[in-house]
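To start, the structure itself, in structure tokens.
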Amino acid sequence: MLTQFRPGLYLPEVPLDGAVTVRGALILGDSRAVVWDTLTRPVDMQPLLPLIGELPLTVVYSHADWDHVWGTAALPYEEIIGHSLCAARFEADVPEQLHEHRTARPGWYDEVLLLSPTRTFDDSLTLDIGGVTLELHHLPGHTPDCIVAWLPEWGMLLAGDTVETPLPYVNHAHLLHDWIAGLEVCANDERVQTVIPCHGAISDRGLLWRNIAYLRGLPDGSSLLPADLDEAYREVHTANLATVRGGR
């Protein structure tokens, strides 16, 4: 599915398991196009090609998880930007993930090529694409290589997997403090009007505060869960508790 969210911004979504989907973004500036995450397979990116047209194209990875970086081969990109830790993962767990998925679903991922970032940064990087600016900021939490993209002209935060509806995945307990601190910086910025996560409903800064409250409550088990939380996310919550209490 591809929807136009506002002039110059299109949001592709594809299903994962059950009711869960993953969302990317296409930002069209006056002088350049940017694809934020390339989703699961090259076919996921095909609907974006007519919109990109002849604009030079930059791809940005929010992090190196499989459902965010496997569609790049379909795109006529000039550069791929990611955090330095994102690039390192292409030499480690990313090939392992692809092998596992190809084994589990033969033929489905045959067109995937693993394309590592060609340009990396550590703290922040600003892109002017003509009429709109992307400020890329490292915000480790869900994974150490996670980044977010702030679009000041639009009051919009592309949050990747740093926030999620109804709750985020916690993979590393030692990142929890910095994760919460980074989200608080975003949540306290009154310029942020729209928050677009890669999973779950688009929202406002309230989504940031809800994720912060959830993460804060994990160490002592006081996180409040939605009454209608489905079984899949109850399992995520159980795993999150085990990760944080185990100190992994």
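A few remarks follow.
Yes/no matrix, rows are residues, columns are (1) free of Cβ contacts under 8 Å to residues at least 24 places away in the same chain; (2) in contact with a Gly (Cβ under 9 Å, 6 or more places away or on another chain):
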site	(1), (2)
THR3	yes, no
VAL43	no, yes
GLY71	no, yes
HIS83	no, no
ARG102	yes, no
PRO106	yes, no
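- Scanning region 4-42 for residues that are open to solvent by 50 Å² or more (accessible area, probe 1.4 Å), in a loop (DSSP other than H, G, I, E, B) and hydrophobic (A, V, I, L, M, F, W, C) yields one hit, ALA19.
- Considering region 165-183, the residues that are surrounded by 18 or more Cβ atoms within 10 Å (Cβ to Cβ) and not in a helix (DSSP H, G or I) include one that is nearest to the chain's Cα centre (by Cα), namely PRO168.
- Checking each residue in region 34-69 for being under 16 Å from LEU2 (Cα atoms), aliphatic (A, V, I, L, M) and out of contact with any Asp or Glu (no Cβ under 8 Å at 6 or more places or on another chain) picks out VAL34, VAL35, MET45, LEU48, LEU49, LEU51, ILE52.
- Condition check for ARG205 on (1) more than 23 Å from GLU135 (Cα to Cα); (2) open to solvent by 20 Å² or more (accessible area, probe 1.4 Å); (3) over 15 Å from the mean Cα position of the chain (by Cα): one failure, at (1).
- Residue in region 89-101 that is touching a helix residue (DSSP H, G or I) at 6+ places or on another chain (Cβ under 9 Å), of a type in the set (Val, Ile, Thr) and either in a loop (DSSP other than H, G, I, E, B) or open to solvent by less than 10 Å² (accessible area, probe 1.4 Å) (or both) present: yes
- Answer residue from region 43-54, given it is over 13 Å from TRP66 (Cβ atoms) and out of contact with any Leu (no Cβ under 8 Å at 6 or more places or on another chain) and is most open to solvent (accessible area, probe 1.4 Å) among those: GLU54
The values are calculated or read from the model by the stated rules, or taken from the named source; none is laboratory data. These numbers come from a predicted model, not from an experiment. A quick note on method: Cβ atoms are made from the backbone with ideal geometry, for glycine too, and the neighbour counts reach across all protein chains shown. The accessibility values were calculated without ligands, DNA or RNA, using every heavy atom of the protein model including side chains. Shrake-Rupley method; radii C 1.70, N 1.55, O 1.52, S 1.80 Å.
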